[in-house]
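Take a look at the structure below.
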There are 2 protein chains.
Amino acid sequence: MRRVAVIGVGVTPFGKHDRSSGELFAEAAAEALADADLSPGAVQALYYGNVVGGEAERQLHMGPQAASILGIPWVPTTRFETACATSHAAFRHAVMEVASGVSDVVLVGGAERVLNLPTDEATEYFAYASDATFEQPAGLTFPGVFALIARALMAKDGTTEEQMAHVAVKNHRHGALNPKAQFRKEITLEEVLASPKIADPLKLYDCCPFTDGGAAVVVVTEELARRSRRPVWVLASAAASDSMCLHDKKDLTRALATERAAQSAYRQAGLASEDVDVVELHDCFTIAEILATEGLGFFEPGAGGIAAEKGWTTLGGKLPVNPSGGLKAKGHPIGATGAAQIAEIVTQLRGEAGLRQVEGARVGLVHTLGGNTATVLVSLFGLE
Amino acid sequence: MRRVAVIGVGVTPFGKHDRSSGELFAEAAAEALADADLSPGAVQALYYGNVVGGEAERQLHMGPQAASILGIPWVPTTRFETACATSHAAFRHAVMEVASGVSDVVLVGGAERVLNLPTDEATEYFAYASDATFEQPAGLTFPGVFALIARALMAKDGTTEEQMAHVAVKNHRHGALNPKAQFRKEITLEEVLASPKIADPLKLYDCCPFTDGGAAVVVVTEELARRSRRPVWVLASAAASDSMCLHDKKDLTRALATERAAQSAYRQAGLASEDVDVVELHDCFTIAEILATEGLGFFEPGAGGIAAEKGWTTLGGKLPVNPSGGLKAKGHPIGATGAAQIAEIVTQLRGEAGLRQVEGARVGLVHTLGGNTATVLVSLFGLE
C-alpha cells in the first residue's frame, strides 16, 4: 500500500447559512484545493459525506451535484453516510483509494444544512441515526442516549456533573480562539451547571448545537505530497462498530467501538496513545468527550472526568483535546464534522492554528462517532 | 493490487415485503454467506447500500443495524448512497478494500422497502435523486426525465415506441423464468403499446416498478476464492459521472457516464465489448436499456432500438441482455439493485441460472445507473 498524505484543507464558517449543503461543500472544497495548490480538474474522485440531506433538503445523490457545482461533472463520486461519523468514514475510504493506487488525488469531505428547519424537525431527522424499531418509538433521541451513558458513568466511576461542565467550559474557551467556530463565547462552570436541563443529567451547555457547514480535505500520493507546501501524513485510518441499540450493549460505561478503532489505528501506525500530541474527538455531549478520552487510552477508565477537571485536556495542558472548540463550540454540521476535525489536526500539525496552536505537535488523532456509539472512526496523522 | 472474486450471492424474492430493509438485507446476506460456505463471523467489513431509508423507514445509519441483525455488531460498516447505483458503488469500494489488502472478506449489498408507502410519497422520495434546486420544483420526476431522453432519441435516431416496447416484452419474458422476479408474467407488444401513458412517449409497461427486496454478495481474496466451490472473478469495476441536471448535458442522446465507465472497465480488464457474453443493465425505463446498449459499445448509436426489435438481446440472441428480467420485470428495490444484478451475472457465469441460463457464458457485464444518468457503475466478471 502506498503512503498517503493530506495536502489541502478547507472549512466554511460554522453556524447558520442561507445556502444548500452542496454549495457549502463547494465553498470548503474550493478552499481545500487552493490550499493544495490544485485546480478542480486535478481531482480524480470525489467522496462526499452528508447525513440528513434527503429529509432536510429533499436532495439525495449529492455526489454528482457537488461535482457539477465544482465544474468537474465527469469525476466519479460516492456519497457516504454513517451518521455523525459520515465524512470521517468517507476519508478512510478515500485513503484506501489512494493507498491502493486507484487514484492519486481524491477530494473528500461533507456538508450539512439544518438550521433553516424547525428544531423539532431537525431533532427528528437526527434521531433516524438511532434504531427505528426499538429506540425511536420510545422517544430516545440522542440527548437521552447520552444522558443514560452519563448516569451509568456517574454510578460506576463517580464521574460528576461538574467534570462534564469542565469539558464545556474548556471547549468554549478553545472555540473563542477559532475564527470559524459557531460559538466564540467563553462560558463559566456556573453557567453550564445552571443551564436548562435537556435530559438529566445533561444540561443545555452539555450539548453540541445544530450547525450548517462544510469541510473538505485533499488526499494524495506520496509523490504529489513531496511536491506540496506542507504535507501531513496519514499514519492510520481505522473503523470499528458496536451494537446498534443501547439495550444490546453489555456495558454503557465502555466505549467498545472507540477502543477497537483506536487499537486498530495505533497498531497500523506503530504508535501508542502516549505518542499523541493533539486530539480532535467527538464531543457531541460533554460526557462523550470524557468517555472517548478513556476509550482512546489517554486516561484510565473513570479518570476521563478527572482529566477534564484538572485541566489536562486544555490548551497548554498535557494533552490538548479539541483545540478547535470541538463539536460543542465549533459546531456540529454532522456530514461535515469528521472532515472538519481532520482539517483542524492538519492545521495544528502544520503549526498554522494561530491562537489555538498546540505548540510542537507532531502526532495528531481524530476520533469521530456515529449514532449510539455504534460507529467509530479513528485516524492518526503525523509530520515526517 | 490483489485479484478479487465473488464466492457467494443471495437475493430475496423481489416484490412486496412486510419486513424492514435491514431484515431484507439480512435474509439476502444469510443466503450469500451460506452460498460462500462462510459463517457471519468470517466477515471483516460490511458495505451497505440503501437510498430512501431515512425518508421511507425513518432509519439512517443502517450499517451497524444490519451488522447487529446478522449477529456481527463489531464489524466495521459503511453505508453508501448513489441513487439507483447505490449497491454497485458499494461493490466497487468493497473490491478496492479486498484488492488493496485491507480485508480478505467483505459482505456487500443493499436493500430497500417502499411498497408500504403511498405511491405519491415513494415517487417524491425517488425524485430526491434529481436536482432539488432546478428539477424537482419543475415537477421533473424520473418518468419525465426518461421521456425527454426518449423524445431526443426518437428525433435523432428514429428510435420508435415499438422498439421500446420490444424491450419490455423481452424483459417480461425473461422475468417469467426467474423465480425471484416481481413480475413473472409475459406481456405482448400490443399490451405495452396500449398501456396507459405515464410520461409521453413512456407508457406504464415502459417503466420499472417500485419494489421491496435485498441482495448481497461476498467478495474475497484470490486465496479464499481458490478454496471455494465456484469463484467468479472480478475483472474490472469502474465508476463515472456526468452532469447532475439534464439542462447541463450537451446531448441527451449520449450516455456519457455509461461510455466513460465502460471504457474504463474494458481498459482495466483488457477486454472489448465483443468479449461480453451476458449483460445485466439498468433498464429503469425501456429507453434506458436502448441507450445503455449503445453506450456500452454493443451497438452503434441509433442501433440499440433495432437490436431490441430484431431480438438480438433476448435469451438465445447474439447478446442476451437482462436474463433476470431486468429492473423492468425482476423489480427495482433501488438500494439492492446493483448487488442483485451482480448476483445474476455470477449465477449465469456459474451456469446455475436454470431456465434463464445463457449457455456458455464466460464474461459478464453489469451496468447500473443513478439519477439523471449522472452516476454509472460498470463491472466485468469472468471465469478463469
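Values in this text are rule-based calculations from the coordinates and carry no lab data. Just so it is clear, the model here is predicted, and its values are computed rather than measured. All Cβ positions, even for glycine, are placed from backbone atoms using ideal geometry, and neighbour counts span all protein chains on display.
Quick one: of the DSSP bridges fully inside chain A, what percent are antiparallel, nearest 5?
75 percent
Could you please rank A:299, A:134, placing first whichever residue has the fewest other Cβ atoms within 10 Å of its Cβ?
A:134, A:299
Using θ = phi - 60° and the Karplus form 6.51 cos²θ - 1.76 cosθ + 1.60, what ³J(HN,Hα) does each residue of the stretch B:326-333 get, whole Hz, x for Gly and Pro?
Per-residue couplings from phi come out as x, 4, 4, 10, 5, x, 9, x Hz.
Relative contact order of chain A: what whole-number percent is it, with Cα pairs under 8 angstrom and at least 6 residues apart?
Values: 973 pairs, mean separation 100.2, N = 384.
Value for chain A: 26 percent.
Let me know the number of lysine pairs in chain B closer than 13 Å at the Cα, not counting same-chain pairs under 8 apart.
11
Per residue of B:237-244, how many C-beta atoms from partner chains lie within 10 Å of its own C-beta, taken as a mean?
Counting Cβ atoms of other protein chains within 10 Å of each residue's Cβ and averaging gives 6.
Run the label-point distances for residue A:186 please: 7 Å along Cα to Cβ, every other copy, nanometres, shortest first.
8.3
Please give the contour-minus-distance gain from residue B:250 to residue B:184: 0.36 nm per residue of separation, less the Cα-Cα distance, rounded to one decimal in nm.
Values: separation 66, 0.36 × 66 = 23.76 nm, distance 3.86 nm.
Net length gain for the segment: 19.9 nm.
Of A:137, A:201, A:64, which has the largest mean-square fluctuation in a 10 Å C-alpha GNM of chain A?
A:137
Between beta-carbons, use under 15 Å as the cut-off and find the net charge around residue B:165, counting Lys and Arg +1, Asp and Glu -1. Walk me through the numbers on the way to the answer.
On the way: positive: B:170, B:173, B:197, B:203, B:310, B:328; negative: B:161, B:162, B:186, B:190, B:191, B:200, B:206, B:283, B:289, B:309.
Its environment carries a net charge of -4.
Assuming R0 = 60 Å, can you tell me the calculated FRET efficiency for the pair residue B:39 and residue B:310, based on Cβ-Cβ distance, to the nearest 0.05?
It comes out at approximately 0.80.
Can you tell me the orientation of helix B:161-175 relative to chain B, as the angle in degrees between its alpha-carbon axis and the longest Cα principal axis, to the nearest 10?
Approximately 30 degrees, to the nearest 10.
Suppose R0 equals 41 Å; then what is the FRET efficiency for residue B:273 and residue A:116 from their Cβ-Cβ distance, rounded to the nearest 0.05?
0.30
By the gyration tensor of its Cα atoms, with a ≥ b ≥ c the square roots of the eigenvalues, what is the shape of the stretch B:116-271: rounded for a/c under 1.5, prolate for a/b over b/c, or oblate?
Cα axes put the stretch B:116-271 in the prolate bin.
Under 10 Å, Cα contacts only: if you run a Gaussian network model on chain B, which one of B:76, B:118, B:179 comes out with the highest mean-square fluctuation?
Answer for the Gaussian network model of chain B: B:118.
Please work out the FRET efficiency for the pair residue A:384 and residue A:355, using the Cβ-Cβ distance as r and a Förster radius of 25 Å; give the result to the nearest 0.05.
Efficiency at R0 = 25 Å is approximately 0.45.
What is the distance in Å between the Cα centres of the stretch A:74-121 and the stretch A:149-166?
Their Cα centres are 33 Å away from one another.
In which sequence would A:107, A:235 go, from the one with the fewest C-beta neighbours within 10 Å to the one with the most?
Details: A:107 32, A:235 21.
By the 10 Å Cβ count, ascending: A:235, A:107.
For residue B:34, go 7 angstrom from Cα along the Cα-to-Cβ vector, then report the distances to that same point in the other copies in nm, smallest first.
Nearest first, the other copies' label points are 5.8 nm away.
Using Cα atoms only, what is the angle between the long axis of helix A:21-35 and the major principal axis of chain A, expressed in degrees (0 to 90) to the nearest 10?
60 degrees
So what's the angle, to the nearest 10 degrees on a 0 to 90 scale, between helix B:286-295 and the longest Cα principal axis of chain B?
Tilt of helix B:286-295: around 70 degrees.
From the square roots a ≥ b ≥ c of the eigenvalues of the alpha-carbon gyration tensor of the stretch B:310-349, which class results: rounded (a/c under 1.5), prolate (a/b over b/c), or oblate?
oblate
Mind jotting down the distance between the C-alpha centroids of the stretch A:230-309 and the stretch B:320-365, whole Å?
The stretch B:320-365 and the stretch A:230-309 have Cα centres separated by 44 Å.
Pull up all non-local amide H partners of residue A:51: gap of 5 or more, or a different chain, and H-to-H distance under 5 Å with H placed in the peptide plane.
The list, which skips near neighbours in sequence, is A:335.
Give the average, rounded to an integer, of partner chain Cβ atoms located within 10 angstrom of each Cβ in A:69-77.
5
How many nanometers, to one decimal and shortest first, lie between the label point of residue A:16 and those of its other copies, if labels sit 7 Å from Cα toward Cβ?
Ordered by increasing distance: 4.5 nm.
Under the rule of -39500 (n - 2.57) per DSSP H run of 4 or more residues, summed and divided by the residues of chain A, what mean residue ellipticity at 222 nm is obtained, to the nearest 500 deg cm²/dmol?
-11000 deg cm²/dmol
Identify, for chain A, the residue whose C-beta comes nearest the rotation axis onto chain B, and round that distance to whole Å.
A:100, 2
Quick check on the protein assembly as shown: of the DSSP beta bridges with both residues there, what percent are antiparallel, nearest 5%?
Of those bridges, close to 75 percent are antiparallel.
Once phi is turned into θ = phi - 60°, what whole-Hz ³J(HN,Hα) does the Karplus curve with 6.51, -1.76 and 1.60 give for every residue of the stretch B:176-193, x standing for Gly and Pro?
Once θ is set to phi - 60°, the couplings for the stretch B:176-193 become 5, 9, 9, x, 9, 6, 5, 10, 10, 10, 6, 10, 9, 4, 5, 4, 4, 5 Hz.
I need A:7, A:72, B:290 ordered by Cβ neighbour count within 10 Å, fewest first.
Fewest-to-most ranking of A:7, A:72, B:290: A:72, A:7, B:290.
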